[in-house]
Amino acid sequence: MKTGKSFIVAAFAALFAAQLTAKTFEIGSPDGRLQARVSDGAALKLDILDGGSKLLENVEIALDTDKGELGKNATVASCDIKNFRGTIDTVWGINKTVKDEYNQMTLDFKLYKLVVRAYDDAVAYRFISKFDGDKMIVRGETLDIPLAKSDKLIAHIEGGVMSSSERPWTRTTVEQLAGNKKAHSVSIPLIMDRGAAKVALVESDVANYPSLRVMAGGKGLETKISKYPKKLEVKNHMRIATEAEDFIAKTVPARDFPWRAFIVARNDADLAVNDTVFRLAKPCAIKDTSWIKPGTCVWEWWNNWNLDGVDFESGVNENTYRYLIDFAAKNSIPYVIFDASWLTGKDAGEMIDTDEALARGKTFIDVPGLIAYAKEKNVKIILWVLAKSMAKYPVEAYDVMKKWGAAGLKIDFTDRDDQDAMEFYELMAKLGAEREMLVDMHGCAKPVGQFRTWPNLINFEGVHGNEVNKWAKTITPSHNVDLVFTRMLAGPMDYTPGGIRNSAQKDFNVCWNLPQVQGTRAHQMSMFILYYAPLQMLCDYASAYNQYPELLKYMAETPTTWDESRVIAGEIGKYVVVARRSGNDWYVGGMCDWDGKEIDIDLSKILSPDTSYKAEIISDGANASKIATDYKYTVKTVSGADVLKMKMASGGGFAIKLTPKMFDFFGLDIF
């Protein structure tokens, strides 16, 4: 007993001494509003302040490795401060040029460093280890965020380790999250309501490491990162992690760890256009990117290969795909996807023992012949494949499909974010880049900056998107608004818009064969501007689109990447309006929840005051709140001096294209 008491007294004395000797280091944002403070000592602590007021306090950060602990009993040996003012040119993005201005503080602890950056809209940190040797095990990572039980969150709650990141964002509190028995963890992005501002937790440059997850803990939020898989078993169409190691990563001793960033939004609208994840990602690894061509894509799976008004039975057959290729060529749509079934004639859940068929190039339909036919029409083909097949035969499968002439792959059903899965995503991007092929990841974790490093990784699912309308009623207009402020913080999003069987709030029915969508037709059209998807699907069936030529032209021709993006207004879950520029043309998209919304758009914020513009407007019809298919297409001339008054119906929206007038030819406006 005497020895035990002595040990406790000594421990408290050591802790007290560490607190007395702890030093604080500070870095501020270029505009001076944000500050990041790091205190060393028994534990590394991070404070984030906005205008002198603390948004987050005593955030504990650390890494536990078999080489030693980073962030425990820590004493700063030196502090280096640097300022950076520059820009990043994007291969593709929501902005052609990204402002990259920050102040950086590097704290050296001899065997490791902590790098902290302060941007005008975010604070980010990362560890850099400098241990000797060839291998290192990371047992765990600490990111403990002290929050009150009543603090509000907007969270993407996961039900387990296996996840495709396809759930709605949930309004909850720390206490409710802790008591949610169905909640395994929360994946990133995560939004914390701090009263004066919202703080969004994001990550970037996650290489050879698992993706970040958190969960409610004793004092707020703490990490709950997926363990490294010890055993992977193939069950049906997926590889399942059936056993896990007692560590999260096996890596090298000297390396840069992922960035953890806190985006500070003083208004909800600040979250609707944000490049933090892109800025923190590794630069482009592809020397020649000229072959990477974003664009729109015809998609057949969601509409169940349906066509009407044709003289053949539609389905997984060559007549259907020739029709879709012809449709794409006629409407200048550069891509057609061959989704599940081209390989075996069966959908994903029925595809068993198909790995060898893919590697050997044995297909249900004449894929090489169809790709050759598409090439004659200047249309490119993207092929859907299972992740488990690509994991088993990565080089062989890629080479077979490259030989056929495929432009890219849609790789589906990884459904994990552990280190093995994150490495798989990067491997697929690298192998694709070596063959000049695009990659669209589905059934995957949300992006973490790979789209900057590997811009051929053209899109990611990781979203509760339009496909869910085939089996559930959870894709509400409010959810659709949420995505602009939440999921899109991570990067590109393959939501797959364009549904034209639109339903009012009480009229929606689940249907697999001819799925409906909740909200108005103009609501769906707005997604082609609001939702950032370099490879943008048109989800409904081609012959149905033919009935609405003005909508088809709009969907086919709307750019999928942008030169400039600006938020006009927005409130999470309620409404959002964003303007994007491509060349000299501006596009403005807006959508709202079931409550409807009226908004004035001051065109002086985006248009030149001395130029006339042709405004093509797709908006809700007078009865769209009751008949969701009701829309109107109008054309008018406007200038920067005008204010457009837009009325969105219940679950409504709008899409506007603004084209500058070039000259007047004998009284005729030429655009």
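Details
- Once backbone amide H atoms are built at 1.01 Å from N, Glu564 has Lys96, Arg581 as its partners under 5 Å, excluding neighbours fewer than 5 places away on the same chain.
- Electrostatic bookkeeping for Gly133 treats Lys and Arg as +1 and Asp and Glu as -1; over the other residues with beta carbon under 14 Å from its beta carbon, the sum is +2.
- Computed about the Cα centre, the dipole magnitude for the chain is approximately 1200 debye when only Lys and Arg (+1) and Asp and Glu (-1) carry charge, each at its Cβ.
- Rg over Rh for the chain works out to 0.99, using Cα positions for both radii and the Kirkwood form for Rh.
- For region 495-506, the Karplus equation 6.51 cos²θ - 1.76 cosθ + 1.60, evaluated at θ = phi - 60°, returns couplings of 6, 6, x, x, x, 10, 9, 8, 10, 6, 3, 8 Hz by residue, with Gly and Pro reported as x.
- Taking amide H atoms as placed 1.01 Å from N in the peptide plane, the amide H of Leu409 lies under 5 Å from those of Leu383, Leu438, Val439, Asp440, each 5 or more residues away in sequence or on another chain.
- Cross-link pairs Lys182/Lys446; Lys96/Lys293; Lys54/Lys181; Lys597/Lys661 - those with Cα-Cα distance over 24 Å: Lys54/Lys181; Lys597/Lys661
- Sequence-ordered 3J(HN,Hα) estimates for region 301-315 from the Karplus curve with 6.51, -1.76 and 1.60 and θ = phi - 60° stand at 5, 4, 8, 6, 6, 7, 8, 10, x, 10, 9, 9, 7, 6, x Hz, glycine and proline given as x.
- Once you reduce region 301-370 and region 397-423 to the center of their Cα atoms, the two points are 18 Å from each other.
- Computed from backbone phi, the HN-Hα couplings of region 142-157 come to 9, 9, 9, 10, x, 9, 6, 4, 8, 5, 8, 10, 10, 10, 9, 7 Hz, rounded to whole numbers (Karplus: 6.51 cos²θ - 1.76 cosθ + 1.60, θ = phi - 60°; Gly and Pro given as x).
- Only helices enter this figure: runs of n ≥ 4 DSSP H residues, each worth -39500 (n - 2.57), summed and divided by the residues of the chain, yield -5500 deg cm²/dmol at 222 nm to the nearest 500.
- If you plug the beta carbon distance of Lys250 and Lys181 into 1/(1 + (r/R0)^6) with R0 = 35 Å, you get a FRET efficiency near 0.65.
- On Cα atoms only, tilt of 318-330 relative to the major axis of the chain in degrees: 90
- Whole-Å distance, taken between Cα centres, linking region 594-613 and region 180-236: 39
- Largest accessible area first, the residues Glu300, Glu376 order themselves as Glu376, Glu300 under a 1.4 Å probe with ligands, DNA and RNA left out.
- Rounded, prolate or oblate (a/c below 1.5 giving rounded, otherwise prolate when a/b exceeds b/c) for region 280-365 by Cα gyration tensor: oblate
- Amide H to amide H distances under 5 Å link Arg213 with Lys224, Ile225, Ser226, where only residues 5 or more positions off or on other chains count and H is placed in the peptide plane.
- The modelled label-to-label distance between Glu57 and Asp366, using points 7 Å beyond Cα along the C-beta direction, is 7.3 nm.
- Averaging Cα coordinates gives a centre for region 536-555 and one for region 70-98; these two points are 43 Å apart.
- Once the C-beta distance of Ser608 and Arg266 is scaled by a Förster radius of 35 Å, the resulting FRET efficiency is 0.75 to the nearest 0.05.
- Pairs of Cα atoms nearer than 8 Å and 6+ residues apart set the relative contact order; for region 131-284 it is 28 percent.
- Solvent-accessible area, 1.4 Å probe, carbon plus sulfur percent, for region 552-671: 48
- Within the accessible area of region 350-431 (1.4 Å probe), percent carbon and sulfur: 50
- Exposure ranking of Asp595, Asp31 by accessible area [1.4 Å probe, largest first]: Asp595, Asp31
- Average Cα contact separation per residue, the chain, under 8 Å, 6 or more apart, as relative contact order %: 11
- Surface accessible to a 1.4 Å probe, per residue, for the residues of the chain, Å²: 39
- Overall form of region 41-167 per C-alpha gyration tensor (a/c, 1.5; a/b vs b/c): rounded
- Normalised by the number of residues in region 425-570, the mean separation of alpha-carbon contacts (under 8 Å, six or more apart) gives a relative contact order of 20 percent.
- Note on Trp586: accessible area approximately 10 square angstrom, rounded to 10, probe 1.4 Å, nucleic acids and ligands left out.
- Cross-link partners for Lys605 among the lysines, with Cα-Cα distance under 17 Å and sequence neighbours closer than 8 places in the same chain left out: Lys614, Lys645, Lys657.
- Rounded if a/c under 1.5, otherwise prolate or oblate - region 96-162, Cα gyration tensor axes: oblate
- Accessible surface of region 155-208, 1.4 Å probe, proportion on carbon and sulfur as whole %: 46
- Counting only protein heavy atoms and using a 1.4 Å probe, the accessible area of Ile188 comes to about 10 Å².
- Area accessible to solvent at His479, 1.4 Å probe radius, in Å²: 10
The values are calculated or read from the model by the stated rules, or taken from the named source; none is laboratory data. If you're wondering where the values come from, they're calculated on a predicted model, not measured in any experiment. Virtual Cβ from ideal backbone geometry, glycine too; neighbours counted across all protein chains shown. Side chains are part of the model used for accessible areas, which takes the heavy atoms of the whole protein and leaves out ligands, DNA and RNA. Shrake-Rupley method; radii C 1.70, N 1.55, O 1.52, S 1.80 Å.
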